[in-house]
Amino acid sequence: MESRSIAQFVPKEFVVPAELLTTKFKLRMLSIDDVEKDFEAVTSSTERLSEVWPDSGWPTGLTLRQNLIDLGWHEKEFQNRSSFAYTVVDSDDSRVLGCVYFYPTCKAGYDAEIFIWVRQSESATGLDGELFRAVQAWLASDWPFDNPGYPGRSISWDQWDLWPDK
């Protein structure tokens with residue numbers, strides 16, 4: 001019996017970047033080793049996260065154990081190359097500042113969905129805009145995506161929800 005393959009999110013020969021370094025922060029794969037720092041960042045940023053993912057309800061009710069499960073899931077998807085979750089940490093890796101997620105999309109004309117959030121305490125520092133610009137430049141220079149979508153940022157959630165599927 002032949003196995004059927006699912007369409008690849010990124011080409012097999014593509015080398016997934018391990019990290020993105022800037023003078024203020026770095027992005028690296030989100031893993032179960034980040035569980036406590038990530039949990040603190042997430043649970044201190046519920047209002048901000050409700051703006052990034054309206055109607056999701058996340059992270060209401062999140063426990064440390066559930067966060068560990070979520071991070072394990074993200075880490076496995078990264079290993080399988082089916083999606084990519086990066087934690088955003090300060091330069092010495094001591095504090096989680098947010099996260100960036102690259103997901104496949106079913107939306108016509110787009111080849112990825114990108115979600116970005118920074119912790120609530122960073123909302124007035126300009127980090128959100130700086131991170132968004134850095135991710136856009138990184139995707140343009142180092143990733144195989146021609147037209148990533150940024151729901152809730154470069155396209156409103158209402159428009160995104162109404163956008164036709166492939």
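So the check is Cβ under 7 Å with 6+ separation or different chains; which pairs have a first residue in segment 58-74 that's more than 15 Å from ALA41 (Cα to Cα) and a second one that's outside any helix (DSSP H, G or I) and aliphatic (A, V, I, L, M)?
HIS74/LEU30; HIS74/ALA85
In segment 26-48, what count of residues is obtained for those that are acidic (Asp, Glu) and buried (at least 21 other Cβ atoms within 10 Å of the Cβ)?
The first filter runs over segment 26-48 and keeps only residues acidic (Asp, Glu), leaving 33-34, 36, 38, 40, 47.
Right, trim to buried (at least 21 other Cβ atoms within 10 Å of the Cβ) and you get 34, 38.
Here the count works out to 2.
Can you confirm whether segment 118-136 contains a residue that is closer than 25 Å to LEU21 by Cβ, of a type in the set (Phe, Trp, Tyr) and crowded, with 19+ Cβ neighbours inside 10 Å? Even if it seems obvious, please write down each step before you answer.
Within segment 118-136, the first condition is being closer than 25 Å to LEU21 by Cβ, and the residues that meet it are 118-136.
Still in the running and of a type in the set (Phe, Trp, Tyr): 132.
Checking the rest, the ones that are also crowded, with 19+ Cβ neighbours inside 10 Å come to none.
Within segment 118-136 (the criterion being closer than 25 Å to LEU21 by Cβ, of a type in the set (Phe, Trp, Tyr) and crowded, with 19+ Cβ neighbours inside 10 Å), the answer is no, since none of the residues qualifies.
What number goes with the only condition from (1) among the polar types (S, T, N, Q); (2) exposed (fewer than 14 other Cβ atoms within 10 Å of the Cβ); (3) closer than 14 Å to PHE25 by Cα that THR87 does not pass?
(2)
Do we have SER82 as in a loop (DSSP other than H, G, I, E, B) and either touching a residue at least 60 places away in the same chain (Cβ under 8 Å) or under 25 Å from GLN136 (Cα atoms) (or both) here? Give the steps one after another, and end with the answer.
Details: in a loop (DSSP other than H, G, I, E, B): yes; either touching a residue at least 60 places away in the same chain (Cβ under 8 Å) or under 25 Å from GLN136 (Cα atoms) (or both): yes.
Spelling it out, SER82 is indeed in a loop (DSSP other than H, G, I, E, B) and either touching a residue at least 60 places away in the same chain (Cβ under 8 Å) or under 25 Å from GLN136 (Cα atoms) (or both).
In the set VAL96, VAL88, which member is under 15 Å from the mean Cα position of the chain (by Cα) and more than 24 Å from ALA140 (Cα to Cα)? Step through it out loud before you land on a result.
Working: VAL88 fails: more than 24 Å from ALA140 (Cα to Cα).
Residue meeting the stated conditions: VAL96.
Could you check segment 16-25 and list, in sequence order, the residues that are among the aliphatic types (A, V, I, L, M) and buried (at least 16 other Cβ atoms within 10 Å of the Cβ)?
Answer for segment 16-25, where residues must be among the aliphatic types (A, V, I, L, M) and buried (at least 16 other Cβ atoms within 10 Å of the Cβ): just LEU20.
Please specify each residue of segment 117-146 satisfying the condition of being closer than 25 Å to TRP58 by Cα and in a loop (DSSP other than H, G, I, E, B).
Of everything in segment 117-146, those that are closer than 25 Å to TRP58 by Cα and in a loop (DSSP other than H, G, I, E, B) turn out to be ARG119, SER123, ALA124, THR125, GLY126.
All but one of (1) out of contact with any Asp or Glu (no Cβ under 9 Å at 6 or more places or on another chain); (2) in contact (Cβ under 8 Å) with a residue 40 or more places away in the chain; (3) not β-branched (Val, Ile, Thr) hold for GLY152, so report the exception by its number.
Of (1) out of contact with any Asp or Glu (no Cβ under 9 Å at 6 or more places or on another chain); (2) in contact (Cβ under 8 Å) with a residue 40 or more places away in the chain; (3) not β-branched (Val, Ile, Thr), only one is false for GLY152: (1).
For segment 85-102, what are the residues that are among the aromatic types (Phe, Trp, Tyr) and either in contact with a Lys or Arg (Cβ under 9 Å, 6 or more places away or on another chain) or free of Cβ contacts under 8 Å to residues at least 40 places away in the same chain (or both)?
Residues of segment 85-102 that are among the aromatic types (Phe, Trp, Tyr), as a first pass: 86, 101-102.
Selection gives TYR86, TYR101.
Within 21 Å of PHE145 (Cβ to Cβ) and of a type in the set (A, V, I, L, M): which single residue out of LEU62, LEU30 fits that description? Steps first, answer last, please.
On the way: LEU62 fails: within 21 Å of PHE145 (Cβ to Cβ).
Criteria check complete, one pass: LEU30.
Here, each number is a calculation from the coordinates, and none is a lab measurement. Computed from a predicted structure; not experimentally measured. A quick note on method: Cβ atoms are made from the backbone with ideal geometry, for glycine too, and the neighbour counts reach across all protein chains shown.
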